[in-house]
1. Suppose R0 equals 22 Å. What FRET efficiency, 1/(1 + (r/R0)^6) with r the Cβ-Cβ distance, do ALA75 and MET45 give to the nearest 0.05?
2. In terms of Cα to Cα distance under 21 Å, which lysines are near enough to LYS72, apart from those fewer than 8 places away along the same chain?
3. Where does each of THR43, THR8 land when they are ordered by accessible area, with a 1.4 Å probe and the largest first?
4. Excluding residues fewer than 8 places away in the same chain, name every one of the lysines whose C-alpha is closer than 24 Å to that of LYS34.
5. I need the helices of the chain that pass two filters: whole DSSP H segments spanning 30 Å or more by Cα along the axis, and mean Kyte-Doolittle score no lower than 0.5.
6. What accessible surface, in Å², does a 1.4 Å probe find on PHE25, ignoring ligands, DNA and RNA and rounding to the nearest 10?
7. Taking the solvent-accessible surface of protein heavy atoms with a 1.4 Å probe, what is the per residue accessible area of the stretch 22-70 in Å²?
8. I need the phi-derived Karplus couplings for the stretch 120-129: 6.51 cos²θ - 1.76 cosθ + 1.60, θ = phi - 60°, integer Hz, Gly and Pro marked x.
Amino acid sequence: MKRPHFWTSFSRAQIASILATLVDFGLLVLLVEKAGLWYVLATSMGAAAGAATNFSINRYWSFEAGEAPWRKQAARYAAVSAGSLLLNTAGVYALTDGFGSPYPISKLVTALVVGWVFNYPLHRGFVFSSPSSQ
């Protein structure tokens, strides 16, 4: 199957990211406000749940790559997600503790920057790339 045009996959990936972010932020706030967890730990846990959501939507819809072996995609996605997790956690910590931003604002700013500059390019070119481009 032909992979979607750049702008199609980018737009779809943004919708997938919004849905994954709802999972991520929802769990973050729930864990901090209701369970009393430290916001840095809650950020990591929210990011992991958001990553699982994002992988599924991106695999089948954003990049139309559901026919490729999922284990290879999952392994590549896990590597990118590990980098994303580190960048997101460090960014939230730096903006919150370093600059005094409220953690939800720190999370939003960090998520946008990491998503556009790190996640999308690696998802399109590495995780869900067509076999001929690998």
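1. 0.55
2. LYS72 reaches LYS2.
3. Numbers: THR43 5, THR8 55 Å².
In descending accessible area the options line up as THR8, THR43.
4. Straight-distance partners of LYS34: LYS107.
5. 6-29
6. For PHE25, solvent-accessible area is about 50 Å².
7. Counting only protein heavy atoms, the per-residue value for the stretch 22-70 is 53 Å².
8. 4, x, 6, 5, 5, x, 10, 5, 10, 5
The values are calculated or read from the model by the stated rules, or taken from the named source; none is laboratory data. Note that the structure is a prediction, hence the values are computed from the model and not measured. Neighbour counts are summed over all protein chains in view; Cβ atoms, including those assigned to glycine, are modelled from backbone coordinates with ideal geometry. Surface areas here come from the heavy atoms of the whole protein model, side chains and all, with no ligands, DNA or RNA. Shrake-Rupley method; radii C 1.70, N 1.55, O 1.52, S 1.80 Å.
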